[in-house]
Every structure is written in C-alpha cells, then in structure tokens.
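Input: a single structure, listed below in structure tokens.
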Amino acid sequence: MSATLTSPVASNDLPALRNALEKGIISELEFRGEHTLNLTLEALPKALAICKEKLGYEMLLDISSLDHFGEDPRFEVVYELASLDDTRHLRLKAKVSEDEAVPTAVNLWAGADWHEREVWDMMGIPFSGHPNLRRILMWEGYPFFPLRKDFPLAGRPTDMPDVASTGVAPLEGGPFVTAPGADTVAKREPRARHQE
C-alpha cells in the first residue's frame, strides 16, 4: 500500500501550519490519507517556506494549474510536496485571478523553475520574481495559452509553416466534444462524442 495512507502529516504538520497561517487557510481536505490545504494567495509563499524550511518537505514534486472557466477567481495553482523519504505528502492550493501573479517558489526549490515556466506557457499564470519566466514548450510570441478551457480542441490557425498547429489538429472531428459556453464546469468538460 502507498505510504500516504499512513502519512503522519496530519498529526504533526497541519497544526504547525494552522498556527502559522491562521486565516490564510480557507479549508482543509483529507481523502484516502492525502491532505490538501486550500490557501489564500497571500498565504501561499509563507506556507511553502514553512513546509520547506521547518517541516522538511525537501521535494517539490509538481506545480500544476486548473482553469475554472466562468468563475472568479478563474485559476488555481496546485503544489505537490513530499519528504525525501516519501513518507509525507502534502498538497497546497491557491486560487488566482486573471490579473494576479503567483510569487515564485524558485528561491525554495530550484526545480520550481521549469514547473512555473510550464504553468505560464500553457495556462498564462505569471509568477512574480521568477528569474527566467519565458515559454518552455511554445515559441516566444505565441499569443495563446493552450491549456485554458477556452482554447479550442481543434487548435488555432497559424501563419508559421511547419509548426505543430498547422493543418488538421489530431482531435478535430475526433472522439471528444466540449461545450465552452455551458453554465457549469461539469457540462463544459470534454467528453466522448456519444455522451452528448
């Protein structure tokens, strides 16, 4: 079984974070031994610093993002942290408006560099204080963010020859459909064509 099912994170780390962050914690969730803290964006840098410097979360496994298209704040950043011996895991989340920047975590984990660049490149969420915030997958000057929910599954046309988005996109007319104007997140999600 996974070490996260018996993770001691709840008994030791969460009280320390609660005391340090107080109103910066919006909610807590425990599911199948995994612990998630939903934080204000203002509390996120302090929480990350405490996790790295005081609680021993030596590894930043991932930084990912969510697009809650139609909601405000629209975006959410997700940090997956772990101890070096892989016995403790913690997930930190914070919502971000379209006009906000997330403070960089490169000063804590050097590996945050590429994760933040990918989130910027694919979702368009900027990271303030990042030493080299430029695209990592798409070319510089590309005006769109491909993982946003309002980016069409068929892709966008381009005038640049021999680039991945020229010609027919692989999913165009394929097995998935989406409804970008739908009133709920569940109705907007891509689904198999036969489930319409």
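Rounded, prolate or oblate: pick one for the range 12-111, where a ≥ b ≥ c are the square roots of the eigenvalues of its C-alpha gyration tensor, a/c under 1.5 means rounded, and failing that, prolate if a/b is larger than b/c, else oblate.
It is prolate, given that a/c is not under 1.5 and a/b is the larger ratio.
What is the local net charge at L55, summed over the other residues whose Cβ is closer than 11 Å to its Cβ (Lys, Arg +1; Asp, Glu -1)?
Combined, the nearby Lys, Arg, Asp and Glu give 0.
Determine which aspartates and glutamates satisfy two conditions relative to K23: a Cα distance under 17 Å, and not lying fewer than 8 residues away in the same chain.
Filter leaves D13, E42.
Net charge within 15 Å of H89 by Cβ-Cβ distance, Lys/Arg positive one each and Asp/Glu negative one each, not counting H89 itself?
Around H89, the surrounding residues sum to -4.
What distance in nm separates the two pseudo spin-label positions at A110 and L147, each 7 Å out from Cα along the beta-carbon direction?
Placing both labels 7 Å beyond Cα along the Cβ direction yields 2.4 nm.
Read-outs throughout are calculated quantities, based only on the coordinates presented, and are distinct from any laboratory measurement. What you are looking at is a predicted structure, and each value in this text was computed from that prediction instead of being measured. Positions of Cβ are generated from backbone atoms using ideal geometry, with glycine treated the same way; all protein chains shown enter the neighbour counts.
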